[in-house]
Amino acid sequence: MTTLVHGANIGHGYVKYTINAGDHEETIIFPALVAPASSTDGNLHDVPTVDVHGTLWWTGDDALLHPAPLSLRSQQRLYDRHIIPALVKGALQRLKQPCGGACVTGLPAAWSGERDLAVALGSRLRDAVATQYYHGTTLKTGIRVISEPLGALYGVLLDPSGAITTSGYEMSRVGVIDLGHNTVDACIVQAMNVVPESAISFELGSASPLQQLQTKISGRYNLDLTLHEVDHAVRAGYVRVAGEECDLPTGWDRPWLANGQQVADALVRAWGSGAKLAAIIVAGGGAEMPMLVQAIHQRFRQTIVAPNPQTAIARGYARRARRYEEFGQ
């Protein structure tokens, strides 16, 4: 039986989690929200919970049942003993899989060089799997913490078996961008190694334009939505009001257009013309927004979007974990 390996991208906006069995992989995504579980007597369906240090938690969309779901954006979440473990357990629960084999996860580019932060993240994942059992045996998991943008690169460079593809980027100088919820992270990779001092992070993630659209929707429809609900509305192309599908407010895309220009300007300041980069790979949830990608492509014509960009990093993590498992490298 092939050992499962794991790619855990515990983002600020969404959890993206991939399990890889070598010949196939499965990825799930859900909001990075948790909340203390309370009684749901009278409901038609039980709400799934996870146990973290003796406390039951709701995760993902289920956490919206609570009036104040939790989602820390700062480094504090790496030291909180409940949020990340609950989210990881929620992912394993949805996948109906135990945790075993290698696991690769990551930190924002600017954080990834801080050993204390990597140790803290690894500890939170170990908290999550400490009580995961399979055939009566506690499974040991080797956890590696890398820079988040590398996950996007590995998703392109490696196939599900962990072997290098024919992409041609393995020896090239490549820029990688993760358009995330809270931050935009980027780095330059040369021959599959991060170039020292190239890791950069900007607080230009999708949270800011989502907050602006949240205000517009409230003013237009007198409807208070969470950021996750606003994100769903953007991806669907409409907002549901009193059971009806209604157009997004006029000018809904202006914050995204402005955000795209800000991101592109920041990358130009960091990379100049980008002429030395053979390719620039863009991933993350923001890569599904054409106006963001177009702004980057206008400055850097070698820009390409990773397949299924919102979950690309988790798949890349899992494929890197598979390579560790199969080739020891």
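The values are calculated or read from the model by the stated rules, or taken from the named source; none is laboratory data. This one's a predicted model, so the numbers in the text were calculated from it and none came from an experiment. Here the Cβ is made from the backbone with ideal geometry for all residues, glycine too, and neighbour counts use every protein chain on show. These area figures cover heavy atoms from the full protein model, side chains too; ligands, DNA and RNA do not enter into them. Shrake-Rupley method; radii C 1.70, N 1.55, O 1.52, S 1.80 Å.
All of (1) over 30 Å from residue 161 (Cβ atoms); (2) open to solvent by 10 Å² or more (accessible area, probe 1.4 Å); (3) not acidic (Asp, Glu) hold for residue 59 with one exception: (2).
Do we have residue 60 as under 30 Å from residue 327 (Cα atoms) and not β-branched (Val, Ile, Thr) here? In short, no.
Residue count for segment 286-301 satisfying the condition of being touching a Gly at 6+ places or on another chain (Cβ under 9 Å), surrounded by 20 or more Cβ atoms within 10 Å (Cβ to Cβ) and within 22 Å of residue 182 (Cβ to Cβ): 6. Scanning segment 209-224 turns up at least one residue that is within 30 Å of residue 67 (Cα to Cα), open to solvent by 30 Å² or more (accessible area, probe 1.4 Å), assigned to a helix (DSSP H, G or I) and in contact with a helix residue (DSSP H, G or I) (Cβ under 6 Å, 6 or more places away or on another chain). For beta carbons closer than 6 Å, sequence separation of 6+ or different chains, a first residue in segment 313-329 that is under 12 Å from residue 155 (Cβ atoms) and a second that is crowded, with 22+ Cβ neighbours inside 10 Å and among the hydroxyl-bearing types (Ser, Thr, Tyr), the qualifying pairs are 314/17; 314/18; 315/18; 316/154; 318/18; 319/154; 320/154.
Checking each residue in segment 256-285 for being in a helix (DSSP H, G or I) and under 26 Å from residue 10 (Cβ atoms) picks out 256, 259, 260, 262, 263, 266, 267, 270, 285.
Would it be correct to say that residue 307 is free of Cβ contacts under 8 Å to residues at least 40 places away in the same chain, open to solvent by 30 Å² or more (accessible area, probe 1.4 Å) and farther than 18 Å from residue 187 by Cβ? For residue 307, the condition - free of Cβ contacts under 8 Å to residues at least 40 places away in the same chain, open to solvent by 30 Å² or more (accessible area, probe 1.4 Å) and farther than 18 Å from residue 187 by Cβ - is not met.
Scanning segment 63-109 for residues being part of a loop (DSSP other than H, G, I, E, B), of a type outside the set (A, V, I, L, M) and within 30 Å of residue 198 (Cα to Cα) gives a total of 6.
Being among the hydrophobic types (A, V, I, L, M, F, W, C) and without any contact (Cβ under 8 Å) to a residue 24 or more places away in the chain is the filter here, so list the residues in segment 164-197 that pass it.
164, 171, 191, 195 - these are the residues of segment 164-197 that are among the hydrophobic types (A, V, I, L, M, F, W, C) and without any contact (Cβ under 8 Å) to a residue 24 or more places away in the chain.
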